[in-house]
Structure formats: C-alpha cells, structure tokens
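Structure first, commentary second.
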Amino acid sequence: MSVEPPTKEVSEADPEQYYGHTPSRLFEGARPIHVSEDGTRQYGLYCPNVDLTKCREFSAADVEEIKVKIQQARGVLTFPNQSPDLSPDDQLFFATLFGEAETHTAAKGMPGYPQVLEIIREKNAQIVFGEDWHSDHSFQPWPASFSFLRATGTMTPYGTNNTQFAQCIESWKDLSPTLKNICLNLKVSHSARKAYGTPDQGGHKKNSLVAMQGTSSNGGMKVRTDKPLLPDQYHPVVITIPETGEEALFVSTTFTNGIVGMTDDEGNAFIRYLQELMTKPEYQFEVAHEPHQVTMWDNRQLIHRGLVNDASSRRIIQRVSVSTGARPQAANPDLYQPGDELERQEHLDELNQQAP
C-alpha cells in the first residue's frame with residue numbers, strides 16, 4: 001500500500017476517502033509526542049486507547065490504519081496504558097502483523113522466545129546497550145523495518161532513560177543539493193563486527209558486546225556463540241521508504257564502518273559528519289517509557305539511542321524487530337550495477353546458511 005501523507009483537510013473532513021474504509025476507534029485521543037516551538041514539525045503519536053492484549057481481534061483495516069498513522073507521525077507510535085498481563089506472545093503477534101519477526105544474530109533472545117530481545121541495564125552500569133545512535137539490525141542484508149519495545153514493570157522513574165530519536169527524512173530534505181548529489185551516489189558498509197565484535201574483530205571499546213558482557217554475571221543479556229557474526233553489508237547512504245516514496249539518510253556511527261570507494265579515514269569522517277547533520281536539535285525528539293508501554297518505530301526513517309540519566313536501579317525492556325524481507329531500496333535507481341547486485345545476493349545466501 002502506497003501512503004501519501006494526507007492534507008489536514010482531507011484527513012479530517014473525509015477520512016474514509018484517505019483510508020479507504022471508515023477508521024476504527026484505535027486513535028481516539030491520540031496526540032503528537034513532540035511539536036517544535038514554531039509548530040512546523042510534529043514527531044510521533046501518543047495513542048492512549050489501543051489495547052494490545054486484543055491485537056488478535058484487529059481487522060485488516062485496523063492494521064492498514066496503523067501503517068498509515070506511523071508514516072504520518074514521522075515514524076513513532078506509543079501505546080501506553082497496557083495491561084501488566086501483556087505477554088511476549090501478544091507482543092510477538094502484534095509485531096508480526098507488520099513483518100516477519102527477526103532473531104537477533106548476535107544476542108540471545110528470551111528463553112522460549114528467541115525473537116524477543118530482553119535489554120537489561122544494571123544498576124550503576126557504566127556501559128549501556130544501545131546508548132549510541134543506530135538503526136536496528138542495519139548490518140543485516142534485510143535490516144529491521146519496524147521495532148516494538150515493551151517496557152516491563154522493572155523501570156526507572158518515568159521521564160528518565162528515554163529513547164531519543166532523530167528524523168532522517170527531515171534531515172535529508174534540508175541538505176544542500178550538492179551534498180544530496182554526493183550522498184545519492186554512495187554505498188556504506190554496515191558492520192555487525194563493529195558493534196558486537198571483539199577488538200581484534202574490529203569492535204569498538206564501548207560497544208554492545210561489552211554492554212552485554214556487563215550483565216551476563218547477573219543472568220542478564222547473553223552473547224550468541226552458535227553462529228559467526230555476519231559479514232559487512234553494503235547499503236545505500238540514501239534509501240526510499242516504500243510506503244511513501246520519501247527519501248531518508250541511512251547511516252549511523254554505531255553500525256557503519258566506511259564508505260565504499262573511500263579510505264577508512266575519509267569514510268568514517270564522512271559518516272560522522274552526516275550523523276552530526278542528522279542529529280541536529282530540530283530533528284530530535286524523545287519518548288518516555290511508563291511500565292508496560294509499547295513503542296513502535298520505523299527504523300528506515302529514524303536512528304535512535306537509549307539515554308542514560310538515571311542508573312540508580314535496574315531497568316528491563318523487551319524488543320521485537322520485524323523485517324519485510326526486502327533489502328533497502330536505493331533512492332538512486334542507478335546506484336547498483338548487475339555485479340553489485342550479485343554480491344549482495346551472495347551475502348544474502350550466506351545469511352540464509354547461517355540462520356538458526
């Protein structure tokens with residue numbers, strides 16, 4: 001389904017004309033999460049009347065409406081007021097309405113739920129999983145399209161340790177034509193080794209592997225040892241969001257380790273520069289987590305990181321990520337040549353051979 005964000009007049013005056021059906025009551029009482037001071041930018045949608053324990057009752061029209069809303073909301077929906085009885089089965093079922101649930105290739109999932117990654121921050125932790133800017137699973141041949149984060153009952157006070165997002169469609173729009181032209185012709189290497197590898201594998205010193213190892217003695221996050229880390233994947237620097245046709249920057253310092261055709265120093269400096277532009281204050285917003293809240297976001301148009309401003313107690317959240325089974329679509333249709341596509345397919349075949 002191709003989605004064009006509707007004008008205010010169309011969406012309010014005749015919603016059926018836009019959705020193709022009479023909208024459900026899922027979004028009654030919804031409000032923006034963040035509105036810029038000048039009122040020109042609205043990011044995210046707070047949706048207080050969605051009961052995800054009833055997600056098995058959602059109609060196809062309900063699911064399509066959620067798909068539309070998350071694009072209108074610039075990539076984030078929050079579902080507060082969830083029942084403490086919301087189970088991993090419920091979370092998984094809801095997530096798989098939007099794609100195939102992924103099993104993390106570097107971290108072990110919950111017992112009985114390999115697709116559910118339990119992210120633990122220990123009290124007084126010095127290195128925290130997910131504290132640097134990234135897009136979930138971008139190091140895979142088919143990166144995560146959507147992620148679904150459930151806050152458990154073990155949380156720090158509301159408003160602490162928020163998730164911070166940066167909107168990559170909006171930052172792309174504001175680039176100069178010259179810089180856009182450069183970016184459209186570049187491919188970037190996304191690396192599982194950088195975030196989950198040991199130093200001799202190219203991992204950086206405060207990466208996700210180190211954060212997971214910091215919880216392992218307490219029965220927390222565990223590193224997978226049954227499969228090797230994935231080979232680096234080459235993705236476009238600028239991708240197209242299939243539902244809307246909008247373009248977005250697709251890089252992060254956490255998972256990218258170079259630009260194809262540049263030296264290491266040149267490529268990494270260029271990635272850092274782009275991320276500085278992508279994370280300017282006007283593109284940022286935060287989501288606070290109350291116990292049992294579920295937050296859904298679109299990894300293709302956002303990068304995010306976990307803020308760390310209260311380490312006084314343990315914090316446990318659970319995340320499911322799904323993929324549509326498609327590799328990122330280059331905004332530049334001429335970026336890939338036949339040989340490049342063959343190389344990408346070989347990476348895909350290698351991943352299939354490694355799949356559990």
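So the values come out like this:
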quantity	calculated
Around residue 136: net Lys/Arg minus Asp/Glu count, Cβ-Cβ under 12 Å	+1
Whole-Å distance, taken between Cα centres, linking the range 28-61 and the range 129-151	21 Å
Cα-centred dipole magnitude for the range 31-325, charges only on beta-carbon of K, R (+1) and D, E (-1), debye, nearest 20	620 debye
Antiparallel %, DSSP beta bridges [both residues in the range 31-325], to 5	95 percent
Solvent-accessible area per residue for the range 244-291 (1.4 angstrom probe, square angstrom)	42 Å²
Probe 1.4 Å - accessible area at residue 308, Å² to nearest ten	70 Å²
Lysine pairs with alpha-carbon atoms under 15 Å apart, the range 31-325, spacing 8 or more or separate chains	5
Dipole axis of the range 31-325 (+1 Lys, Arg; -1 Asp, Glu on Cβ), positive-most option in 176, 70, 190	190
Sequence-separation-based contact order of the range 31-325, relative, with Cα cut under 8 Å and 6+ spacing, percent	34 percent
Kirkwood Rh and Cα Rg combined as Rg/Rh, the range 31-325	0.94
Extension reserve of the residue 123-residue 93 stretch, reckoned as 0.36 nm per residue once the Cα distance is removed	7.7 nm
Label point distance in nm, residue 38-residue 316, each placed 7 Å from Cα along Cα→Cβ	4.6 nm
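The values are calculated or read from the model by the stated rules, or taken from the named source; none is laboratory data. Note that this is a predicted model, so its numbers are computed, not measured. Virtual Cβ from ideal backbone geometry, glycine too; neighbours counted across all protein chains shown. Ligands, DNA and RNA are stripped out before the accessible areas are found, and what is left, the full protein with its side chains, is counted by its heavy atoms. Shrake-Rupley method; radii C 1.70, N 1.55, O 1.52, S 1.80 Å.
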